[in-house]
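In what follows, a structure is listed as structure tokens, so that the remarks can point back to it.
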Amino acid sequence: MSNETWNALVATPLPEVRRRAAVMDELAGVKPVEVAGARRLAWNDGGGQSAVWYFAEDGRVLLLTFDHEASLNLYAEDDFALQESLYEGVPESLVALVRDRPENYESLNLTDSAGRAIHYAGGVFWCDGESWHVSDGLEEYCRSEEIDLFGESGFDYCLRGYLFGLSFTPEVLVEGREEEGRYKDEAQKEADLAGLRELFARHG
């Protein structure tokens, strides 16, 4: 499976994945949540795109991505069965983290006629503690419908800020922000750098 961001994620040690997820969670102003033996960390851009991580106590991870403008926005289609099928191949103990749970900003629910609910996601990925996997259901659906899995699931866009495969430091983030023209002067840049250093220090 050839995708630059995917290959970079797969090559990143899990403690570093979790560190980056924690930093991005705080940068996005999302409150971490403990969910049935797992810690939920998330990022959103405030416009309908999100990445949601569930770090289970046993070392496994569930990652959901979503791009509301992509073809894998199943919430717009209100198709519970199709959404549930995208979780096929993921251990049920991980799927249980998003089944019949309260909605949140990053993950609304799709509900069937019997009242069962599951969090929507364009991309469903998971780690068994050592290796990362694309869910069987997502992979099969994208193959059958000839959909760009990593592009239309939101994976590429939503994980861009985590800089997998690249250095992830306050200095690198400030450099990127400076290139975007965020700072009106050097004092503002230095203040932002100091704040980011404090934030990164909180997450080891």
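The values are calculated or read from the model by the stated rules, or taken from the named source; none is laboratory data. What you are looking at is a predicted structure, and each value in this text was computed from that prediction instead of being measured. Counting neighbours? That spans all protein chains shown, and the Cβs are built from the backbone with ideal geometry, glycine included. With ligands, DNA and RNA removed, areas are computed over all heavy atoms of the protein, side chains included. Shrake-Rupley method; radii C 1.70, N 1.55, O 1.52, S 1.80 Å.
Points worth noting:
- Cα centroid separation - segment 5-61 against segment 132-204, whole Å: 11 Å
- Average accessible surface area per residue within the chain, 1.4 Å rolling probe, Å²: 49 Å²
- Between the Cα long axis of helix 170-179 and the first principal axis of the chain there is an angle of about 90°, rounded to the nearest 10.
- Remark: relative contact order (the chain) = 22 percent; criterion is Cα-Cα distance under 8 angstrom and separation of 6 or more residues.
- Accessible-area composition of the chain, carbon plus sulfur, in percent [1.4 Å probe]: 47 percent
- Hydrodynamic radius of the chain per Kirkwood, over alpha carbon pairs, in Å: 17.7 Å
- Computed with a 1.4 Å probe over protein heavy atoms only, the accessible area of residue 197 comes to about 120 Å².
- Result for the chain in a Gaussian network model with C-alpha springs under 10 Å: among 11, 114, 51, the largest mean-square fluctuation is at 114.
- Only helices enter this figure: runs of n ≥ 4 DSSP H residues, each worth -39500 (n - 2.57), summed and divided by the residues of the chain, yield -10500 deg cm²/dmol at 222 nm to the nearest 500.
- Residue list for segment 23-61, given a label point 7 angstrom along the Cα-to-Cβ vector of residue 177 and an amide N cut-off under 19 Å: 23-31, 43-47
- Point-charge dipole on Cβ atoms (K/R +1, D/E -1) for the chain, about Cα centre, debye to 20: 820 debye
- Compared with the dominant Cα axis of the chain, that is its longest principal axis, helix 186-202 is turned about 50°.
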